[in-house]
Protein chains: 2
Amino acid sequence: MTFSEENYLKTIYHLTSVSDADISTNAIAEKMETKASSVTDMLKKLSEKDLVNYIKYQGVSLTDKGKLAAKMIVRKHRLWECFLVEKLDFSWDEVHDIAEQLEHIKSEKLINKLDDFLGNPTEDPHGDPIPDAQGRIIKVEKQLLSEFEKNQIGICVGVKDTSSDFLKYLDKQEIALGSQIEIIEKESFDSSFRIRVGTKEITISNKIASNLYIK
Amino acid sequence: MTFSEENYLKTIYHLTSVSDADISTNAIAEKMETKASSVTDMLKKLSEKDLVNYIKYQGVSLTDKGKLAAKMIVRKHRLWECFLVEKLDFSWDEVHDIAEQLEHIKSEKLINKLDDFLGNPTEDPHGDPIPDAQGRIIKVEKQLLSEFEKNQIGICVGVKDTSSDFLKYLDKQEIALGSQIEIIEKESFDSSFRIRVGTKEITISNKIASNLYIK
DNA sequence: AATTAAATTTAGACAAAGCTAAAAATTATA
DNA sequence: TATAATTTTTAGCTTTGTCTAAATTTAATT
């Protein structure tokens, strides 16, 4: 499997986890910052290899084989992210691009040994679940902070947006995985939130609240 | 720089370290298991980028820029090999192919952090030197066991051949880096050696002795 | 020195993965 | 429902890195 094929599978996998329905050519093109015509070419190729179910003009979905392959790439990506943060002391906003490269290294033995070396983590540094060697995922039920009501208290367990900008903002506000967050006030005018993080009180926009997972 | 370009640079670097003279197209082709015509194409490209000095029909050598680039690839390869052996518990005969992939990961920060994580090793699991971040190499003077004479004693500090077969043979004979080796007898007929490794006495062929570095 | 052999390069072709522009199918709208 | 707008696909071109076969240059040998 080529790097490019792997990237397409991963993208389709991620898009599927949001929408459930078949994925459109344009959606893939947009996510991958490529052209629709390139996507069409690749879908034919992946279909040929039984990695996706593809019908012209109708969109695409992963076959079982494709889904497992995608999960293995996600597994690698997230395990490498753990390695970078926990062992090499990278911060959580720096690891994505490097993991994007490392996820394509081909060696099952390597990834399973890495898994053991890291103590078989179930989540990556952004709170996303890590599939095991069989592709099984432990789902943690979690809500967006934006769906919380006044006086509710929860623990930050993940981020939806993993962009460097967002993660650096969180660092600045001292919001990390494991932080306790309490809703003090919900401003009805702009849907912003007054929250307590640890001992500090801060105001965050609705956009921020819509990208924080709480349990 | 593409994977392919990096592989050519690395190959030229390795060939240079043996012969010193300009490298021939065929030598590169043979080492890389590709065709001479493909090599010619790539040499033009590398020359265009000032990574090699290339004159038609005359052979090729690395420029300073090319040599530094090659050293950085070798640095990455050998640091990753250390990681695999020391942290993930791979054996020394398993790491080459995986490091061959990992050496192409692009991130200076990553490789320098990995270097620190490993305690800034100066040699890889086969006894080969690891260039530092500036490309400097600590040269250790070492001899082939085959050049030793009767009654000489030394420590095994490296292997010339790093093929899995050879390394497994050494494991079987309990010869490892750091093993003390004493020449008991040199058989003039076939140039084989009777040696003492630790407490055991064994006989090894000249081919084996020609691939073991001793200090 | 002439000829043969070997090494090297050139020319032209191919597969992968991308692109643009045009055609076709689907969806939305008047 | 007919037309317009959007989406998707097709056709053809480009680049990278490879190949084969032919041409050229260098080296070896008579």
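For B:Ser38, the distances from its label point to the matching points in the remaining copies are 2.5 nm, ordered from shortest, with each point set 7 Å beyond Cα toward Cβ. Between copies, the label points of A:Glu100, set 7 Å from Cα on the Cα→Cβ line, lie 2.7 nm apart, reported in increasing order to one decimal in nanometres. Between B:Val18 and B:Arg196, full extension at 0.36 nm per residue minus the direct alpha carbon distance yields a gain of 61.1 nm.
Amide H contacts under 5 Å for B:Leu212: B:Leu145, B:Ser146, B:Lys160, restricted to partners 5 or more places along the chain or on a different chain, H placed in the peptide plane at 1.01 Å from N.
Taking amide H as placed 1.01 Å from N in the peptide plane, the amide H of A:Glu123 sits under 5 Å from that of A:Ile130, each at least 5 places away or on another chain.
Across chain A, the longest run free of exposed loop sites, meaning GluC sites (Glu not before Pro) lying outside DSSP classes H, G, I, E and B with no more than 13 other Cβ atoms within 10 Å, spans A:34-140. Applying a DSSP loop filter and a limit of 12 other Cβ atoms within 10 Å to the trypsin sites (Lys or Arg not before Pro) in the stretch B:3-51 leaves B:Lys35. Averaging 1/r over each pair of different alpha-carbon atoms in the protein assembly as shown and inverting the result gives 25.5 Å, the Kirkwood hydrodynamic radius. Using C-alpha pairs under 8 Å with a sequence gap of at least 6, the mean separation divided by the residue count of the stretch B:143-214 gives a relative contact order of 43 percent.
Applying both filters, DSSP loop and at most 12 other Cβ atoms within 10 Å, to the trypsin sites (Lys or Arg not before Pro) of the stretch A:90-174 gives A:Lys106, A:Arg136, A:Lys139, A:Lys150.
Spin-label model, A:Glu48/A:Glu185: points 7 Å from Cα along the beta carbon direction are separated by 6.2 nm. The chymotrypsin sites (Phe, Trp or Tyr not before Pro) of the stretch B:1-59 that DSSP puts in a loop, and whose beta carbon has at most 16 other beta carbons within 10 Å, are B:Tyr57. In this structure, B:Thr63 and B:Ser37 have a Cβ-Cβ separation that, at R0 = 25 Å, corresponds to a calculated FRET efficiency of about 0.60. Charged side chains reduced to their Cβ positions (Lys and Arg at +1, Asp and Glu at -1) give the protein assembly as shown a dipole of some 420 debye around its Cα centre. For the stretch B:143-214, the mean projected area of the C-alpha convex hull, equal to one quarter of the hull surface, is 4.0 nm². Summary for B:Asp132: label point 7 Å along Cα→Cβ; distances to the equivalent points in the other copies, ascending, 4.6 nm.
Of the residues A:Asn112, A:Leu144, A:Tyr54, the one whose Cα sits farthest toward the positive end of the charge dipole of chain A, with +1 on the Cβ of Lys and Arg and -1 on the Cβ of Asp and Glu, is A:Tyr54.
Sequence-ordered 3J(HN,Hα) estimates for the stretch A:99-104 from the Karplus curve with 6.51, -1.76 and 1.60 and θ = phi - 60° stand at 5, 4, 7, 5, 5, 9 Hz, glycine and proline given as x. Note the angle between two axes, namely the Cα long axis of helix A:36-48 and the longest principal axis of the Cα atoms of chain A, as a number of degrees from 0 to 90, rounded to the nearest 10. Long axis of A:36-48 versus the principal axis of chain A: about 60 degrees.
Each reported figure results from applying straightforward, stated rules to the coordinates on display, with no laboratory input. Because the structure is predicted, anything quoted here is derived from the model rather than measured. FYI the Cβ positions are ideal-geometry reconstructions off the backbone, even for glycines, and counts take in every protein chain you see.
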